[in-house]
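Okay, so here's the structure we're looking at.
The values are calculated or read from the model by the stated rules, or taken from the named source; none is laboratory data. Nothing here was measured: the structure is a model prediction, and the numbers come from that model. Heads up, the Cβs are rebuilt from the backbone with ideal geometry, glycines too, and the neighbour counts pull from every protein chain shown. To get the accessible areas, we keep the full protein, side chains included, count just its heavy atoms, and leave off ligands, DNA and RNA. Shrake-Rupley method; radii C 1.70, N 1.55, O 1.52, S 1.80 Å.
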Amino acid sequence: MDIKTFVKSVEGELYALLKDLCHIPAPSYKEDARAQYCKKWLCDLGAEGVYTDKAKNVIFPYNCQGSNDITAVVAHTDTVFSDLEPMPYKEEDGKIFCPGVGDDTASLAVMLMCIKYMLKSSVIPQKGILFVCNSCEEGLGNLLGTRTFMEEYKGRIKQFISFDSNIELIADRCVGSHRYKVSFLTPGGHSYLEFPGTSAIHAAAKVINKIYSLQLPQKPGEKTTLNVGIVEGGTSVNTIAQSASILCEYRSTDVECLEYMKKEYFKIFEEANQENVKVLVECVGERPCADKLDPEKQKALAEKCREIIERVVKTEVEFESSSTDCNIPLSLGIPAVCVGVYRGSKMHTREEYIIKDSVISGLEVGISLLSELTE
């Protein structure tokens with residue numbers, strides 16, 4: 001079937017699918033209901049061999065048997081929001097508003113409809129496509145879903161496409177990161193009687209100050225950042241805090257810069273560990289940078305995606321660096337790009353929205369990419 005004809009014929013179905021998915025809460029590690037919906041949807045469609053793995057990935061290996069030249073195509077099921085009740089959903093002025101609607105629910109809906117096109121049109125990828133509704137992409141999910149299926153299909157995946165962005169953007173470089181929960185334990189005490197006792201909050205504050213005083217590595221063409229995102233602790237206004245904790249991170253597009261930041265962070269943590277201050281450090285997230293990657297193969301994949309998207313949407317596409325599921329294949333030397341299939345804004349906020357009809361163009365983009373990249 002002609003792609004444009006198919007896209008037009010399923011427009012209403014795509015919107016209905018997107019609305020259904022938006023109404024299913026899916027925090028990282030708690031994507032069960034959304035995963036069950038996706039698996040049932042695929043089985044009802046007639047997809048054969050669909051299964052859910054131990055990481056709650058819903059996997060459809062399409063003609064992958066015996067192939068070691070598979071294209072992995074993914075869209076993640078989780079959102080950044082911890083809500084376990086349905087999110088507020090509304091349509092207004094040509095927009096769809098819902099927390100998580102763009103990141104990554106719209107992409108998930110588009111990928112599912114791409115599968116429908118391929119099955120209904122009897123398009124059989126000769127080298128196989130591994131479709132994955134994957135879990136735990138966001139935040140402290142730490143890319144668990146992608147780590148899991150990449151290990152299962154180790155040595156068989158040759159290129160990787162993630163649907164997870166605005167339609168005018170392609171992430172062709174990955175941003176690595178290390179994330180830590182740092183806990184501070186002190187004797188504490190009464191704020192008057194024990195003054196000036198050692199405060200866990202004060203200890204945490206001094207560490208935070210040192211983190212923000214760090215000199216970031218300067219390497220041409222690379223970017224490194226740092227952040228303290230959450231600070232917790234204390235008992236009351238009249239208590240010298242016995243405990244406090246921070247969640248902190250650093251990011252970089254470069255492996256050497258990540259290692260430099262790790263050394264500097266741990267130097268600060270070790271200096272804070274004193275007689276009356278016990279410092280406990282837990283690594284809660286680690287996203288790798290690209291490693292041992294053939295730059296020509298990566299460039300070829302990125303440029304091919306750019307050419308296809310620009311041809312469909314008639315607008316210029318920009319390249320960017322980002323932290324996505326692509327971090328895992330790129331760290332393994334496998335060409336990977338993150339592409340967009342919608343237009344929207346306010347990602348990771350309660351005000352998130354997408355332009356409603358942009359997912360129609362996104363579906364055409366998705367089908368075109370899969371058709372041409374797996375020929």
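Shape class for the stretch 72-137: oblate, because the ratio a/c of the largest to smallest gyration tensor axis (alpha-carbon atoms, square roots of eigenvalues) is 1.5 or more and b/c is at least a/b. Considering only A109, F6, A75, the residue lying farthest towards the positive end of the dipole of the chain is A75, judged by Cα position with unit charges set on Cβ. Axis of helix 255-272 versus longest Cα principal axis of the chain: the two differ by about 30°, to the nearest ten degrees.
Note on D69 and D93: the model spin-label points, each 7 Å out from Cα along the C-beta direction, lie 5.0 nm apart. Run the reach check for K262 against lysines, Cα to Cα strictly under 24 Å, same-chain hits fewer than 8 apart removed. What comes back? Correct list for K262: K181, K206, K210, K219, K223, K278, K292. Computed from backbone phi, the HN-Hα couplings of the stretch 32-47 come to 3, 5, 5, 5, 4, 4, 5, 5, 5, 4, 5, 5, 5, 6, x, 5 Hz, rounded to whole numbers (Karplus: 6.51 cos²θ - 1.76 cosθ + 1.60, θ = phi - 60°; Gly and Pro given as x). Size check on the chain: the Cα extents along the three principal axes, sorted descending, read 79, 44, 38 Å.
Note on K346: lysines with a C-alpha under 16 Å away, same-chain residues under 8 apart excluded, are K90, K95, K356.
Phi angles of the stretch 191-207 translate, via the Karplus equation with coefficients 6.51, -1.76, 1.60 and θ = phi - 60°, into HN-Hα couplings of 5, 9, 5, 9, 5, x, x, 6, 9, 5, 5, 5, 4, 5, 4, 5, 5 Hz per residue; Gly and Pro are given as x. Solvent-accessible surface of the stretch 1-103, averaged per residue with a 1.4 angstrom probe and all protein chains in place: 47 square angstrom. Take the solvent-accessible surface of the protein heavy atoms, probe 1.4 Å, and return the percent of it on the chain that carbon and sulfur atoms account for. Summing carbon and sulfur atoms, their accessible area is 50 percent of the total for the chain. Take the Cα of E232, go 7 Å toward its beta carbon, and the backbone nitrogen atoms of the stretch 169-188 under 14 Å from that spot belong to 180-184. Just to verify a number: FRET efficiency for K120 and E222, C-beta to C-beta distance, R0 = 56 Å, to 0.05? Working from the Cβ atoms, E equals 0.80. Would you please classify the overall shape of the stretch 1-137 from the alpha carbon gyration tensor, given that a ≥ b ≥ c denote the square roots of the eigenvalues, rounded means a/c under 1.5, and beyond that prolate means a/b larger than b/c while oblate covers the rest? The shape class here is oblate. Of the GluC sites (Glu not before Pro) found in the stretch 150-238, those that fall in a DSSP loop while having at most 15 other beta-carbon atoms within 10 Å are E168, E194.
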